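Please read the structure below before turning to the comments.
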Amino acid sequence: MEKTIHIFTDGSAIRNPGPGGWAAVLIRGSKRWEMSGASPWTTISEMELLAAVEPLRSIPAGALVELRSDSELLIHGMRFRVFRWQRQGWRNSHGIELQHQQLWRELLRLNELLNIRWRWIRGHSGHPVQTRVDALAYRAARTQWCNLRMAA
């Protein structure tokens, strides 16, 4: 059985900001799990980050993980920028306070607990698992949107 846990993530928002959803597909060997969630008012950036946080929280410390996302914000943030942001007091290079600090802090904490390889995957490129996770995230966002419309 393969030891690496492969995670594919995606976030979605209808309007930005607006109702949003996130999703993840986790694969280890022949086993596969799907997760998703939603928020009635959010941004695509927040959903992309939450799509990584939620599945990583479910994995035991020390596990080998390969996380793939089409979010350049997430992947480049975790590979190249997060340590600089932390040193700069969670501010960007222009001195502006970083959005979604709690999610970035949680991703950094999880990154220290797990052995994560952060990989970018082109969105809408026909990869079957990425296509599935995109559909799950959109469905979660769409459900939130429909619920808000029905409540109005």
Looking only at region 40-55, and only at residues there that are among the polar types (S, T, N, Q) and buried (at least 20 other Cβ atoms within 10 Å of the Cβ), the one that is nearest to Gln101 (Cα to Cα): Ser45
Candidate set from region 107-140 (those that are surrounded by fewer than 18 Cβ atoms within 10 Å (Cβ to Cβ) and of a type in the set (D, E, K, R)); member that is nearest to Pro40 (Cα to Cα): Arg139
Condition met for Arg149 (of a type in the set (D, E, K, R) and part of a helix (DSSP H, G or I)): yes
The lone exception for Gly62 - which of (1) at negative phi; (2) touching a strand residue (DSSP E or B) at 6+ places or on another chain (Cβ under 9 Å) it fails: (1)
Residues (surrounded by 12 or more Cβ atoms within 10 Å (Cβ to Cβ) and in a loop (DSSP other than H, G, I, E, B)) located in region 59-99: Ile59, Ala63, Asp70, Ser71, Gln88, Trp90, Asn92, Leu98, Gln99
Hits in region 121-133 - residues which are part of a helix (DSSP H, G or I) and either in contact with a Cys (Cβ under 8 Å, 6 or more places away or on another chain) or more than 14 Å from Ile7 (Cβ to Cβ) (or both): Pro128, Thr131
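Taken together, the values in this text are just the output of simple stated rules run on the coordinates, not laboratory data. Bear in mind that the values here come from a model prediction, so they are computed numbers and not experimental data. Note that each Cβ is placed from the backbone with ideal geometry, even for glycine, and that neighbours are counted across all protein chains shown.
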